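In what follows, a single structure is set out as structure tokens and then discussed.
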Amino acid sequence: MSRASRPHLPMRPLWRCRRCGAEWPCQPARLALLVEYRADRTALLVYLSTLMAEAGAQLSQLNGHGAPADLTDRFLSWARAR
């Protein structure tokens, strides 16, 4: 797979985008997820909640303290139905 077509996926346990290096989900990942789950926003929120819990646990271990405070905004707030 060429670099241009590589998807914006999370690099665990850092939870940064493998392609662009931004905090995941980055803007391109968010757009791709909205397109993929366009017919089922509830499934998207369940999926993102699961990933948020995984990210919180992994980032807590890396940081040596609690999960970052912005995880809800980072993983869920943008995906709620408008």
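We did not get these values from a lab; they are worked out from the coordinates using the rules stated. This one's a predicted model, so the numbers in the text were calculated from it and none came from an experiment. No Cβ is skipped: glycine too gets one built from the backbone with ideal geometry, and neighbour counts run over all protein chains shown.
Model label points for residue 49 and residue 32, set 7 angstrom from Cα along the Cα-to-Cβ axis, are 2.4 nm apart. The orientation-averaged projection of the convex hull spanning the C-alpha atoms of the chain amounts to 5.6 square nanometres. Of the trypsin sites (Lys or Arg not before Pro) found in the range 1-44, those that fall in a DSSP loop while having at most 11 other beta-carbon atoms within 10 Å are 38.
Given the rule -39500 (n - 2.57) for each run of at least 4 DSSP H residues, summed and divided by the residues of the chain, what is its mean residue ellipticity at 222 nm, to the nearest 500 deg cm²/dmol? Helix contribution divided over all residues of the chain: -14500 deg cm²/dmol.
A simple charge model with +1 on the Cβ of Lys and Arg, -1 on the Cβ of Asp and Glu and nothing else charged puts the dipole of the chain at about 320 debye relative to its Cα centre.
Close amide H partners of residue 19, meaning residues 5 or more places away or on another chain with modelled amide H under 5 Å apart, are 9.
Springs join every pair of Cα atoms under 10 Å in this Gaussian network model of the chain, and among 69, 29, 57 the largest mean-square fluctuation is at 69.
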